[in-house]
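Report on the structure given below.
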Amino acid sequence: MMPLTPTLKFDAERDPSFPKQIMARPGGEKLFGCIQCGTCSATCPVSIYMDYTPRQIMALTRAGFKDEVLRSRTIWLCASCYACTVDCPKEIKITDIMYALKRRAIQDGVYPKRFPIPVLAREFFKMVRRRGRVTESELVVRLMLQTNWLGMVKMWRQGLNLIRTGRFSLKPERMRHAEALQPIFAGGEPHLATRTPRHPWEAES
C-alpha cells in the first residue's frame, strides 16, 4: 500500500464546474448520489495499491478537486472489473466515472508521464486512428521505449522467440479504407474528420 501524507485542502483549490463536467459524461450522472459508504473501496481488488481509494476519488471529484483527482494514479490502476459498480448500493457506475476521469486526464495532459497505462492508451489510439488496426509488436515497442526501455532490452530473447514462431508480426497491419473511421474520431461528424488534432497523440507520426 502506498504511504499517505495527511494534507489540508482549501476551497481555493476547487473547480466547482469539475463535478458537473464528469456528470455530463456517460455513466457519471449519479456522482452526487454517493453516500461514502466505502463499499467500492472494500470490493476493489487493487485498492491497496492506490494513492486514493475509489471512495476518496468519488469524494474529491464531487468536491471539485480536479488537479488532485486527475494527477492520481488511482484512475489508472482501475482494473475495470466492475466489482464496485455491481456492489454500489446507490447503483453508481463508478467504473465509468473512472474512465471519464482517465479521458479528462489525457485531454488535460496531466497523467503520470511514464506510467505505462496512459502511454498505452495514447499509442493505441494513434495507431488505430492512422491505420485502423493495431500491430502488437509495434505497440509493445512504442510502449517500452517510452516507459521502460531497459526492460525491453532485457526481454530481447523472448521477443526474438515470438517473432520466430510467428506470434509477433513485424509487418504493420492496416485496415482497408481506414479513412472511413475518421468521422468516428471527429465525434461522428464527417465534416470534422479533417479537423486540427486537439490532442498531441492524434497527430500523424
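Every number here is computed from the coordinates shown, using simple stated rules; none is lab data. Computed from a predicted structure; not experimentally measured. Cβ atoms come from the backbone with ideal geometry, glycine included; neighbour counts cover every protein chain shown.
When SER169, SER137 are arranged by Cβ crowding within 10 Å, least crowded first, meaning fewest neighbours, the order is SER169, SER137. Could you give the angle, 0 to 90 degrees to the nearest 10, between helix 94-108's Cα long axis and the longest principal axis of the Cα atoms of the chain? Tilt of helix 94-108: around 70 degrees. Per the Debye calculation on the range 14-108 with a single equal scatterer at every Cα and no solvent contribution, log₁₀ I(q)/I(0) for q = 0.11, 0.12, 0.21 Å⁻¹ amounts to -0.25, -0.29, -0.99.
If pairing requires two Cys Cβ atoms under 4.7 Å apart, which cysteines of the chain are left without a partner? For the chain, the answer is CYS34, CYS37, CYS44, CYS78, CYS81, CYS88, because their Cβ atoms have no other cysteine Cβ under 4.7 Å.
Among ARG130, ARG157, ARG71, the largest mean-square fluctuation in a Gaussian network model of the chain, built with springs joining Cα atoms closer than 10 Å, belongs to ARG157.
In terms of surrounding Cβ atoms within a 10 Å radius of their Cβ, ILE22, ILE48, ILE117 rank from fewest to most as ILE48, ILE117, ILE22. Compared with the alpha-carbon gap, the fully stretched path from ARG103 to LYS154 is longer by 15.2 nm at 0.36 nm per residue.
Residues MET155, MET58, MET50, ranked from the fewest to the most other C-beta atoms within 10 Å, line up as MET155, MET50, MET58.
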